[in-house]
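The values are calculated or read from the model by the stated rules, or taken from the named source; none is laboratory data. What you see is a predicted model; the values in this text were computed from it and never measured. So basically every Cβ, Gly included, is an ideal-geometry build from the backbone, and we count neighbours across all protein chains shown. Remember, those area values only see protein heavy atoms, side chains included, never the ligands or the DNA or RNA. Shrake-Rupley method; radii C 1.70, N 1.55, O 1.52, S 1.80 Å.
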Amino acid sequence: MSQLIQLLIYGLQLGAVYALVALGYTMVYGIVRLINSAHGDFLMLGAYTAFFISLLNGAGLVACILGAMLASGIIAVTADLLAFKPMRDQPKFTALITALGVSTFIQNLSRALPFIGPIPKPFPTLLESRPFEVAGITVTTVQIFMIVLATILLLLLSYIVGKTKIGRAMRAVALDRDASALMGVDINRVITITFFIGGCLAGVGGVFYGIMYPTLEVSIGSFLGNKAFIAAVIGGIGNIKGAMVGGILMGVIEIYATSINADVGFGVFYLFLIIILLVKPAGLFGKLTTEKV
């Protein structure tokens, strides 16, 4: 029993990373109807930003997290303004190809930059991991910090979307963009803020992932981004609560499966995705809608 609880803690830690990244996917899709393949690369750039900030004298964990959030948010907004905004009224397939192009460009540019490059870099120790044992279960300060901060960010996002003026605008645009524009909602401003919030969450996810697996390389964005996208689809793409639950659920399932066999842990994502889509095609919290043509 204690081993199951121990694995659950590891799963919640990993699931917090997936949930933070999945939220960016689901927010952008819910408002713009865009599957942003480059979202994982925002995470990668946020992780590298934290790495370089950590090299500065006196820079600690808080500075690294804030710097990663700001950098990823700005990069996400820049990608939207330069690449996604001109494609907003184009067919969805064109926007999808554009997102793939942005992802490929970011990865190859990062490899070409001399201060990033193709060689992996060791992620610094931003927080000392001190173990605490309770009833035979070991919990570290790193795990507590990650789970608590992720929970705070998830609750804060839920408050912003559900209780604030910009949140109401986001929900209105997600429901009907044309009607929202007629009612005076600044569509471009709402989309820009959505990209910024999603980028900030990806930046935090990048720092968390670096803390858990302290090796940085350019490909971590696409690798982790694919997993987070699957988590968003399982939860119901476009549904914020679904992204949270899907991310945490997939983190827990992966850890339990990996404890049995590492190869099983890697493939369980796709098996669970297929099962969910067969049983509930819209995801756990998604709803099937009829699209007008």
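For segment 149-187, filtered to residues that are outside any helix (DSSP H, G or I) and on the phi < 0 side of the Ramachandran plot, the residue that is most open to solvent (accessible area, probe 1.4 Å) is 183.
Inclusion of residue 5 among residues that are out of contact with any helix residue (DSSP H, G or I) (no Cβ under 7 Å at 6 or more places or on another chain), modelled with pLDDT of 95 or more and among the aliphatic types (A, V, I, L, M) is not warranted.
Against the numbered list (1) within 24 Å of residue 36 (Cβ to Cβ); (2) not in a loop (DSSP other than H, G, I, E, B), residue 257 comes up short only at (1).
Condition check ((1) open to solvent by less than 30 Å² (accessible area, probe 1.4 Å); (2) more than 30 Å from residue 257 (Cα to Cα); (3) among the acidic types (Asp, Glu); (4) in contact with a Cys (Cβ under 6 Å, 6 or more places away or on another chain)) across all residues:
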| position | (1), (2), (3), (4) |
| --- | --- |
| 3 | no, no, no, no |
| 12 | no, no, no, no |
| 17 | yes, no, no, no |
| 21 | yes, no, no, no |
| 36 | yes, no, no, no |
| 46 | yes, no, no, no |
| 51 | yes, yes, no, no |
| 64 | yes, yes, no, no |
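Beta carbons closer than 6 Å, at least 6 apart along the sequence or on distinct chains, pair a first residue in segment 206-235 that is touching a residue at least 24 places away in the same chain (Cβ under 8 Å) with a second that is in a helix (DSSP H, G or I) and basic (Lys, Arg) for 218/111. One residue stands out in segment 5-46 among those that are more than 8 Å from the chain's Cα centre (by Cα) and among the β-branched types (Val, Ile, Thr): the one that is nearest to residue 108 (Cα to Cα), namely 35. Residue count for segment 49-66, restricted to those that are in contact with a Ser or Thr (Cβ under 9 Å, 6 or more places away or on another chain) and either modelled with pLDDT of 95 or more or among the β-branched types (Val, Ile, Thr) (or both): 1. In this structure, is residue 119 within 21 Å of the chain's Cα centre (by Cα) and within 28 Å of residue 218 (Cα to Cα)? Judged against the criteria, residue 119 is not a match. Note on segment 122-138: among residues that are at pLDDT below 90 and either in contact with a strand residue (DSSP E or B) (Cβ under 7 Å, 6 or more places away or on another chain) or under 14 Å from residue 194 (Cβ atoms) (or both), the one that is least open to solvent (accessible area, probe 1.4 Å) is 138.
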